[in-house]
Ligand SMILES: Cc1cc2nc3c(=O)[nH]c(=O)nc-3n(C[C@H](O)[C@H](O)[C@H](O)COP(=O)(O)O)c2cc1C
């Protein structure tokens, strides 16, 4: 299965990156093809709501920025993993910009599964991200939930956490 992971953390050696790495390694071991896009290293602007994509553009976004590299990966992906630090009870702004730009594709054609990875400072801060994941991805895009993973405080980067992520990646079925 083709898996696309959008990592919304700007910290290359941060907590989200560690969870993403473990999950991606497990999935690769199980024979899946994994692409990780660090959206913070990209220039991805917010959606302009110009509706070019739904009119003249026929599914193409008018904005010629780095999201143009992500669109083909989204079109090929069978599974989308959203990974983010929690900022103000939701995804990072950079990840939110990339998510909003999926609008151009309506539903990426091959996409059928999803998972959510979150890192935060404290507990009980996930409901904003989970609401968006459940309503926009599981329900609206009709994706099957392959799991939600969250870590906060000292649990971030713990061996137990990273083993759990690696196992979850390893256990992904086609
Ligand atoms: C702008 C900003 C907003 C944050 N907002 C929250 C928050 O609302 N709740 C929380 O528990 N942690 C919050 N944090 C802490 C991060 O979620 C936490 O440090 C996380 O582990 C960072 O992940 P990273 O190492 O992958 O970047 C915030 C951090 C930043 C920089």
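Every read-out reported here was derived from the displayed coordinates using simple, explicitly stated rules and does not represent laboratory data. Here the structure is a predicted model, which means the values were calculated and not measured. Every residue, glycine as well, gets a Cβ built from its backbone with ideal geometry; the counts of neighbours run over all protein chains shown.
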Efficiency by 1/(1 + (r/R0)^6): what FRET value for residue 50 and residue 157, r their Cβ-Cβ distance, R0 = 41 Å, to the nearest 0.05? 0.50
Translational diffusion coefficient, Stokes-Einstein: compute it for region 103-174 using the Kirkwood radius over C-alpha pairs as Rh, at 4 °C and 1.567 mPa s, and state it as an integer in µm² s⁻¹. 95
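Only Cα pairs under 8 Å and at least 6 apart count here; give the relative contact order of region 2-170 as a rounded whole percent.
Working: 311 pairs, mean separation 52.9, N = 169.
Relative contact order here is 31 percent.
To make sure I understand, if each residue's beta carbon is the centre and we count other beta carbons within 10 Å, what order do 82, 172 fall in, fewest to most?
Values: 82 24, 172 21.
In order of increasing Cβ crowding within 10 Å: 172, 82.
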First obtain the Kirkwood hydrodynamic radius of the chain from its Cα pairs, then insert it into the Stokes-Einstein equation at 25 °C and 0.890 mPa s, and state the resulting D in µm² per second as a whole number. 152
